Amino acid sequence: DGGITQSPKYLFRKEGQNVTLSCEQNLNHDAMYWYRQDPGQGLRLIYYSQIVNDFQKGDIAEGYSVSREKKESFPLTVTSAQKNPTAFYLCASKPGIIDYGYTFGSGTRLTVV
Amino acid sequence: GESVGLHLPTLSVQEGDNSIINCAYSNSASDYFIWYKQESGKGPQFIIDIRSNMDKRQGQRVTVLLNKTVKHLSLQIAATQPGDSAVYFCAESRTASKLTFGTGTRLQVTL
């Protein structure tokens with residue numbers, strides 16, 4: 001079945017360490033997105049990519065980095081510069097930048113101790 | 001309705017009753033609106049969407065109403081079932097490049 005796979009589902013890291021969250025899709029979608037979700041809040045956009053080798057900052061990009069070397073993959077690195085990294089991270093994709101049909105992954109819950 | 005802060009607004013509905021979840025949006029230039037359902041620990045699932053040139057759209061057991069005059073969106077769920085218990089988000093888009101999400105409403109279905 002086509003879809004988006006995020007791994008791992010739960011991730012624990014020590015403060016000060018960088019950590020990379022995986023997002024893979026086999027939907028042949030061009031556009032991919034990373035959102036952050038905190039308790040009691042909506043989703044906030046971190047980064048997005050419209051095409052391979054290109055990406056743009058979202059509303060809360062500070063302390064995060066991404067790469068888009070392959071169409072299928074859009075990994076997110078949470079760096080030590082992110083002041084409050086503990087959150088639920090969601091990856092999404094859609095066919096193209098002008099399309100509206102987002103598909104979401106099941107998320108990664110990152111806890112920094 | 002929508003609120004800002006750590007506590008989600010909660011709507012309690014008895015099984016079999018109709019549910020109405022409300023959302024206020026701020027950007028009058030938004031041209032696309034969508035409702036998502038999110039169960040605990042999972043990613044959002046698409047429910048229904050509507051474009052700004054419409055004021056009503058119906059799906060299976062769900063209806064979305066759009067009032068552009070007051071910038072208000074609502075989701076109606078008919079004959080609410082226990083499986084409908086989740087957090088519901090509205091989202092708006094001014095361009096197709098990204099969505100802006102509301103804070104969500106928790107729907108609790110009581111037996």
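A:Gln82 meets the stated requirement of being at pLDDT below 95, away from chain B (no Cβ under 14 Å) and on the phi < 0 side of the Ramachandran plot. Among all positions in segment B:61-76, there is at least one residue which is over 21 Å from A:Phe104 (Cβ atoms), outside any strand (DSSP E or B) and in contact with a strand residue (DSSP E or B) (Cβ under 7 Å, 6 or more places away or on another chain).
Hey, can you tell me all the residues within segment A:71-102 that are under 24 Å from A:Tyr10 (Cα atoms), out of contact with any Lys or Arg (no Cβ under 7 Å at 6 or more places or on another chain) and in a strand (DSSP E or B)? Quick ask: steps written out before the conclusion?
Of all residues in segment A:71-102, those under 24 Å from A:Tyr10 (Cα atoms) come to A:72-93, A:102.
Remaining after also requiring out of contact with any Lys or Arg (no Cβ under 7 Å at 6 or more places or on another chain): A:72-73, A:75-86, A:90-93.
Answer for segment A:71-102, where residues must be under 24 Å from A:Tyr10 (Cα atoms), out of contact with any Lys or Arg (no Cβ under 7 Å at 6 or more places or on another chain) and in a strand (DSSP E or B): A:Ser73, A:Leu76, A:Thr77, A:Val78, A:Leu90, A:Cys91, A:Ala92, A:Ser93.
In segment A:49-67, of all residues being under 18 Å from A:Arg36 (Cβ atoms) and touching a residue at least 24 places away in the same chain (Cβ under 8 Å), the one that is nearest to the other protein chains (Cβ to nearest Cβ) corresponds to A:Gly58.
When the residues of segment A:50-70 are narrowed to those that are part of a strand (DSSP E or B) and among the polar types (S, T, N, Q), which ends up surrounded by the fewest Cβ atoms within 10 Å (Cβ to Cβ)? Full working, then the answer.
Residues of segment A:50-70 that are part of a strand (DSSP E or B), as a first pass: A:50-51, A:54-57, A:64-66, A:70.
Next, only the ones that are among the polar types (S, T, N, Q) stay: A:50, A:56, A:65.
Working: A:Gln50: 17, A:Gln56: 13, A:Ser65: 17.
Per the stated criteria, the residue is A:Gln56.
Pairs meeting the criteria (first residue in segment A:97-111 and at the interface with another protein chain (Cβ under 7 Å from one of its Cβ atoms), second residue of a type in the set (Val, Ile, Thr) and open to solvent by less than 50 Å² (accessible area, probe 1.4 Å), beta carbons under 7 Å, at least 6 apart or on different chains) are A:Phe104/A:Ile4; A:Gly105/A:Ile4.
The values are calculated or read from the model by the stated rules, or taken from the named source; none is laboratory data. Please read all numbers here as calculations on a predicted model, not as lab measurements. Note: ideal-geometry Cβ built from the backbone for every residue, glycine included; neighbour counts use all protein chains shown. These accessible areas exclude ligands, DNA and RNA; they are computed on the full protein's heavy atoms, side chains included. Shrake-Rupley method; radii C 1.70, N 1.55, O 1.52, S 1.80 Å.
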